[in-house]
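A quick write-up on the structure given underneath.
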2 protein chains.
Amino acid sequence: MNKREQADPRPRYRQVADELTAQLRAGVWPVGAMLPTETELCATFAVSRHTVREALRLLEESGLVQRRQGSGTTVLALATPDRFVQDITDMAELLQYPQETRLTVLRARTFEADAETAAQIGCGEGEAWVRVEAIRRLRVTTAPLCFTTLLIRAEYAEALDDIGVLPGPLYALIERRYGVQAALIEVDIAASNVPPHQAELLEVEPGTPALLIRRRYLDGQGRVYEISEGAHPAPRFTYRATLKRIPELP
Amino acid sequence: MNKREQADPRPRYRQVADELTAQLRAGVWPVGAMLPTETELCATFAVSRHTVREALRLLEESGLVQRRQGSGTTVLALATPDRFVQDITDMAELLQYPQETRLTVLRARTFEADAETAAQIGCGEGEAWVRVEAIRRLRVTTAPLCFTTLLIRAEYAEALDDIGVLPGPLYALIERRYGVQAALIEVDIAASNVPPHQAELLEVEPGTPALLIRRRYLDGQGRVYEISEGAHPAPRFTYRATLKRIPELP
DNA sequence: TAGTGGTCTAGACCACTGA
DNA sequence: CAGTGGTCTAGACCACTAC
């Protein structure tokens, strides 16, 4: 039993994981049911607890089961669904602006969110926010890249002073100053026309199609603390993402 | 040494991982250098090899180090960079069309890629492909959602017969018939105007802004085998993504 | 061939869950 | 309280890498 006698090149924990995956797929346990305990699985497969735990770790990483100390291992799914991820490692990659861009603030104004604005933002009524309008340009050429509207909680307003002084996107400046980290970023992308009052600033004809990119930044408590909305005239900007498939278990 | 005598609630392997992370950040080892061997780390931290390995697993999952059997553990980075992921679990989520849509094929035609087309597609010159033009509609209402142009390798053309018969996006039909899995999907999103010849079909005025979504599907060998290009008239469709921060180690 | 990380065992105690 | 998964030890052999 010690050596790998059979011609199976897979490690034992992998064999156990594959067997369990197959049994899950076969419907041995329904979703929500409890898997046998680790000790029981040790007996079933005649392996040590360590090996069983390595196998369960694989199942857990695939999202098939959930383990909870004290209560046991529950079935989350019978088979690994198709999964894709977009993995963004670089902050610049997230915003997808070339490094050589500069944001010029046009206006900044504090306001209190009325009912309608609060609903739009997803914040409480009466909260103090700052609205900033700005233009993003390439440093070299003159054509503006986009017209940006930023909304940030008034309590973080001083981070605005760092725009143009320190590099990086606003959310990074806020993190630097206040320690608030974006835990979640919601991105909405839509098409629209360049609004009339922005057309001149963007140096395009009114009615030019534009890519609207709206990002909502949420902190660890799920509270929205920044919203950025950029209007990018049609030919100047393309949003690009690469999605990788997460390989299935077997 | 057995019990957790100090008031440190972290498990030992976590303490070891955090200490190593701090040392990495402090520059004890440069990028590319070898970490001490697991046995050495056991002695340094006075823990068992299992504990060291759990700690190294954490470092590896954070992308700080790389482990290779036989050669050792090398430093990949001194600190975990900001990382965000978009995690797409549902296939429908990937395409973001509501379930109740139907694709109606207007035209389908086989062609050979000339030099220009081959360069655009990213395929070899002279290869046989099929171009399909189609309209996606909600089943209930009448307003078309988008005008779609599909390009697929001619060898997978029979998957087109399943459109409207089997549910799911084309790439899933191809996978079902031929076993080809998308390993990578590249998504480009841009703004444009609805082309004149599509305006009538989409039931919008010519010149209406549209969201162009172009997806390139690559198989495991990095070969493009399908491209879909959808033109979505402005108010009818918004692309939405949610990015989660990957928590740092400490 | 020496040394690395990968796998595996047997056994122990702990922290947490739920009856 | 009994039983679960979480952590940890001591020790072993194996597969792989590099010299």
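The values are calculated or read from the model by the stated rules, or taken from the named source; none is laboratory data. None of the values given here were measured: they were computed from a predicted structure. When we count neighbours, we look across all protein chains shown, and the Cβ atoms used for this are built from the backbone with ideal geometry, even at glycine. Just so you know, the surface numbers come from the protein's heavy atoms only, side chains and all, with ligands and any DNA or RNA stripped out. Shrake-Rupley method; radii C 1.70, N 1.55, O 1.52, S 1.80 Å.
Mind giving me the FRET efficiency for A:ALA118 and B:GLN15? R0 is 35 Å, r the Cβ-Cβ distance, nearest 0.05 is fine. Each step should come with its number before you reach the end.
Working: r = 44 Å, r/R0 = 1.27.
In this case the efficiency is close to 0.20.
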Next on the checklist: Rolling a 1.4 Å sphere over the protein heavy atoms, what is the accessible area per residue of chain A, to the nearest Å²?
Outcome noted: 51 Å²
Next on the checklist: Contact order normalised by length for the range A:12-75, with contacts defined as Cα pairs under 8 Å and 6 or more residues apart; what percent is it?
Outcome noted: 41 percent
Next on the checklist: For the interface of chains A and B, what total accessible area is buried with a 1.4 Å probe, rounded to the nearest 100 Å²?
Outcome noted: 3800 Å²
Checklist outcome for this item: Helix B:12-25 sits off the longest principal axis of the Cα atoms of chain B, rounded to the nearest 10 on a 0 to 90 degree scale, by 80 degrees
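Starting from the Cα-Cα distance between B:LEU76 and B:SER192, subtract it from 0.36 nm times their residue separation and give me the gain in nm to one decimal.
Contour length minus Cα-Cα distance gives 37.6 nm.
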Checklist entry - Counting only the heavy atoms of the protein chains, how much of A:ARG137 is accessible to a 1.4 Å probe, in Å² to the nearest 10? => result 80 Å²
Item to check | Global size of the range A:100-169 as Cα Rg and Dmax, reported in angstrom | outcome: 13.8, 42
Checklist outcome for this item: Per 10 angstrom bin, beginning at 0 and ending with the bin that holds the maximum distance, the Cα pairs of the range B:91-236 fall in percents of 11, 41, 37, 11, 0
Checklist outcome for this item: Ranked by GNM mean-square fluctuation in chain A (Cα springs under 10 Å), the top entry among A:PRO195, A:PRO233, A:PRO30 is A:PRO30
Checklist entry - If r is the Cβ-Cβ distance from A:GLN23 to A:GLN99 and R0 is 45 Å, what FRET efficiency results, to the nearest 0.05? => result 0.30
Checklist outcome for this item: Scoring the range B:109-232 by relative contact order with C-alpha pairs under 8 Å, at least six apart, yields a percentage of 23 percent
Checklist entry - Which distance in Å, rounded to a whole number, links the C-alpha centroids of the range A:185-250 and the range B:172-235? => result 18 Å
Checklist entry - In the range B:91-236, carbon and sulfur make up what percent of the accessible area (probe 1.4 Å)? => result 49 percent
Checklist outcome for this item: Inter-copy distances for B:GLU19, label 7 Å out on the Cα-Cβ vector, sorted ascending, nm, one decimal, are 3.8
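State the extension gain, in nm to one decimal, for the chain segment bounded by A:ALA143 and A:GLU203, taking 0.36 nm per residue of separation less the distance between their alpha-carbons.
In short, 20.9 nm is gained.
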Item to check | Cα principal axis extents for the protein assembly as shown, largest first, Å | outcome: 73, 60, 46
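State to the nearest 20 debye the size of the charge dipole of the range B:32-83 about its Cα centre, where the only charges are +1 on K and R beta carbons and -1 on D and E beta carbons. Numbers along the way, then the final one.
Working: 6 positive and 6 negative charges, 25 e Å.
Using only the charged Cβ atoms, the result is roughly 120 debye.
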Checklist entry - Which of the residues in the range B:217-242 lose at least 20 Å² of accessible area when you go from the chain alone to all protein chains together (probe 1.4 Å)? => result B:ALA234, B:THR238, B:TYR239, B:ARG240, B:ALA241, B:THR242
Next on the checklist: Running a GNM on chain B with Cα contacts under 10 Å, which residue among B:PRO169, B:PRO98, B:PRO11 ends up with the highest mean-square fluctuation?
Outcome noted: B:PRO11
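Rounded, prolate or oblate: pick one for the range B:12-75, where a ≥ b ≥ c are the square roots of the eigenvalues of its C-alpha gyration tensor, a/c under 1.5 means rounded, and failing that, prolate if a/b is larger than b/c, else oblate.
Rounded, because the longest to shortest axis ratio a/c is under 1.5.
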Checklist entry - Got the A:HIS50 label distances to the other copies yet, label 7 Å along Cα→Cβ, in nm, shortest first? => result 0.6
Checklist entry - Hey, for B:THR37 with labels 7 Å out along Cα-Cβ, what do the inter-copy distances come to in nm, ordered shortest first? => result 3.9
Item to check | Relative contact order, percent, chain B [alpha-carbon distance under 8 Å, six or more residues apart] | outcome: 16 percent
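Considering every Cα-Cα pair within chain B, what fraction, in whole percent, is farther apart than 21 Å?
Numbers: 21375 of 31125 pairs.
It works out to 69 percent of all Cα pairs.
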Checklist entry - What nm distance separates the two modelled labels at B:LYS244 and A:PHE111, each placed 7 Å from Cα along Cα→Cβ? => result 3.4 nm
Item to check | Surface/4 of the Cα convex hull for the range B:27-125, nm² | outcome: 13.2 nm²
Item to check | In range of the label at A:LEU184: residues from the range A:214-250 whose backbone nitrogen is under 13 Å from the point 7 Å along Cα→Cβ | outcome: A:216-225
Checklist entry - Using alpha carbons only, how many degrees (0 to 90, rounded to 10) separate the axis of helix B:49-61 from the longest principal axis of chain B? => result 30 degrees
Item to check | For the range A:158-164, 3J(HN,Hα) per residue [Karplus equation, 6.51 cos²θ - 1.76 cosθ + 1.60, θ = phi - 60°, Hz, x = Gly/Pro] | outcome: 5, 4, 5, 4, 7, 4, x
